[in-house]
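Worksheet: the structure to be examined is printed underneath.
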Amino acid sequence: MLKIMKYLKAKEWLLVAINIGLIVVQVYFELRLPDYMNEITLAIQLPNVLMKEIWQSGGMMMLCAFASLACAIIVGYIASTIASSLSARLRENIYSKVESFSMEEINKFSTASLITRSTNDITQVQQTITMGMQVLVRAPVMAIWAIFKIANKSWQWSVSTAVAVFAMVALLTTIIAFTLPKFKRIQAQTDDLNKATRENLTGIRVIRAYNAEDYQQVKFEKTNSELTKTNLFTHRMMGIMQPGLTLVMNGLSLAVYWLGAYIIEGADIAQKAGLLADMITYSAYAMQVVMSFLMLVILFIMIPRASVSANRINEVMDTKPSIIDGTHSEETKTKGEIEFKNVYFKYPDASDYILKDINFTAKKGEVVAFIGATGSGKSTLINLIPRFYDVSEGEVVVDGINVKEYKQSELNNKIGYISQRATIFSGTIASNVDFGNSGKENITNQEISNALDIAQASEYVNKYDDTINHPVAQNGTNLSGGQKQRLSIARAVARKPEIYIFDDSFSALDYKTDKVLRKRLFANMKDATVLIVAQRIGTIRDADKIIVLENGEIVGMGKHEELLENCSVYNEIASSQLSKEEL
């Protein structure tokens, strides 16, 4: 928890100091109430007492009560303001940190866990800080101050108060000992619940298509029941606390008055009035001592869960990205040239290399295609260029400079990337195309229309009354697979990069659209380097260079006709897709 506090700003620390001062003032006014009660109790036992004196003491009690209320309101406002500002800053920092993560770190934490850490965990910390700033200072100050005020009273009352405090601490220590381990499990199980829910929502089409609702329901119920059982255990243990503490507090009140009755009975007549007033005052102070310890214990119950959440937040914040940003941001002499030099790659914690000894060069203006069986490493290879992962051995060179030396923003501005699965953002068609223009000046509506035309998306965009301003739902759920794919291609075209990377980006298109689109693309990309990952021979047969991969190794490189003659793997793929006449 203490590490989290380093995110507070200087002015917020000043507010913390003001808050502490106000809490001390609040405690002072609250502890003055029993003193005035003592005066009233003594006054009403004296003969010929003036009602004015009683009203005066009562009026001072009301003033102290209102002053304490005003301090409490200000303290609560400051505490909630600081906690809210801190939680907003934590969410912003976690978001920025996750943005800097490579796929390695994201896979390490999992998407569901990162969502929980940036929402539920931060909420736990926020609630604890809000409560802590009001209780952590107030409770010990009030307890110590009240104890000093009653220390010179009867030792019998002091013993009864000590027994009550001991019983309360013993009860709460036992509860905490049983519940503390469960708090860690609750957060981990919340991750699992988020994961199950997210999986169910993203895969709803497949679940319904296979009538797997019952199967998913069982999976969800298992995760849900585990979280429910843990929560029930902790809340039932916490449920013991309230009746137990009520018993202790009522028992203390009973003990004070019971012992007081014996003390007053055995006292001289002159002392009885003073002892009665002391008993009433002591009872009020004793309740404040017990309530102070109660507030502290409630806070200590919240702190373990908040500490678990804080540790989970710190895990994210302390994680060092495996992709370290370079420093190079100057213009390069060459444009669009890519070279792989003895590249080896394996995923984190994997034992075998996915890519082995990859060597090739893609020059400016060339169309280089990659083909091979599923799992041969095609997508993995091109993901090394924008540094989604870094190579295990060897070098990936863009425009004569190792990609590790580039500032990531500079490297990404050279690339137009179209992923295997089209990613569409909520907004409009125009905003989705303009999304690819990050780091550059805003593009015009005409440029957006031209990009859509090249990507063969105009045919469906122009059917809308609002054309490029037509709304797009999250994940493009109001578009078909082919429409989403063409929109993501238009996004890359509008960017006008040096390098285009198509990761199986034509798979949802029919052959006619695929052919027309590629013809328009290549006509507008004469000065750019184009890398294409594809499964269809028809998509890549006209490429300047085709690289055939098998088990992560290059087993063939050349043009279509050359590979048909000297590469058996390519020949098998071509024979399975094309007729003899087409071959």
Which numbered condition Ala373 misses (of (1) within 29 Å of Asp349 (Cβ to Cβ); (2) aliphatic (A, V, I, L, M); (3) at pLDDT 85 or above): (3)
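Just checking, does the range 191-200 include any residue being closer than 30 Å to Ile20 by Cα, assigned to a helix (DSSP H, G or I) and in contact (Cβ under 8 Å) with a residue 60 or more places away in the chain? Steps first, please.
First pass over the range 191-200, keeping only residues closer than 30 Å to Ile20 by Cα: none.
No, the conditions are met nowhere in the range 191-200.
Which of the residues spanning the range 203-220 are in contact with a helix residue (DSSP H, G or I) (Cβ under 7 Å, 6 or more places away or on another chain) and either over 15 Å from Leu193 (Cα atoms) or not in a helix (DSSP H, G or I) (or both)? Walk me through how you get there before you give the answer.
Going through the range 203-220, the residues in contact with a helix residue (DSSP H, G or I) (Cβ under 7 Å, 6 or more places away or on another chain) turn out to be 207, 213, 216, 219-220.
Across the range 203-220, the qualifying residues are Ile207, Glu213.
Among the listed residues Lys526, Lys512, identify the single one that is assigned to a loop (DSSP other than H, G, I, E, B) and surrounded by fewer than 21 Cβ atoms within 10 Å (Cβ to Cβ).
On the way: Lys512 fails: assigned to a loop (DSSP other than H, G, I, E, B).
The conditions single out Lys526.
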Failed condition for Asn314, given (1) surrounded by fewer than 19 Cβ atoms within 10 Å (Cβ to Cβ); (2) assigned by TED's automatic domain parsing to the domain that holds Val125; (3) more than 28 Å from Ser96 (Cα to Cα): (3)
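Determine whether the range 441-461 contains at least one residue that is within 32 Å of the chain's Cα centre (by Cα) and either under 27 Å from Ala534 (Cβ atoms) or modelled with pLDDT under 85 (or both). Write out each step before concluding.
Just the residues of the range 441-461 that are within 32 Å of the chain's Cα centre (by Cα), to begin with: 441-442.
Restricting the remaining residues to those that are either under 27 Å from Ala534 (Cβ atoms) or modelled with pLDDT under 85 (or both) gives 441-442.
Yes - at least one qualifying residue is present in the range 441-461.
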Matching residues, the range 113-170, being modelled with pLDDT under 75, closer than 29 Å to Ile74 by Cβ and not hydrophobic (A, V, I, L, M, F, W, C): Lys149
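Yes/no matrix, rows are residues, columns are (1) assigned by TED's automatic domain parsing to the domain that holds Tyr257; (2) aliphatic (A, V, I, L, M); (3) in contact with a strand residue (DSSP E or B) (Cβ under 6 Å, 6 or more places away or on another chain):
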site: Phe300; (1), (2), (3): yes, no, no
site: Val308; (1), (2), (3): yes, yes, no
site: Glu337; (1), (2), (3): no, no, no
site: Lys356; (1), (2), (3): no, no, yes
site: Lys363; (1), (2), (3): no, no, no
site: Ser376; (1), (2), (3): no, no, yes
Cβ-Cβ under 7 Å pairs, at least 6 apart or on other chains, the range 555-569 side modelled with pLDDT of 85 or more, far side buried (at least 17 other Cβ atoms within 10 Å of the Cβ) and part of a loop (DSSP other than H, G, I, E, B): Val555/Cys567; Gly556/Cys567
Qualifying positions in the range 365-394 - closer than 18 Å to Ile547 by Cα and part of a strand (DSSP E or B): Val367, Val368, Ala369, Phe370, Ile371, Gly372
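Residue-wise test of (1) within 20 Å of the chain's Cα centre (by Cα); (2) closer than 21 Å to Ile303 by Cα; (3) in a helix (DSSP H, G or I).
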site	(1), (2), (3)
Arg117	yes, yes, yes
Thr123	yes, yes, yes
Thr128	yes, yes, yes
Ile147	no, no, yes
Ser160	no, no, yes
Ala167	no, no, yes
Thr179	no, yes, yes
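The values are calculated or read from the model by the stated rules, or taken from the named source; none is laboratory data. Predicted model only: the values in this text are computed from it and were never measured. Note that each Cβ is placed from the backbone with ideal geometry, even for glycine, and that neighbours are counted across all protein chains shown.
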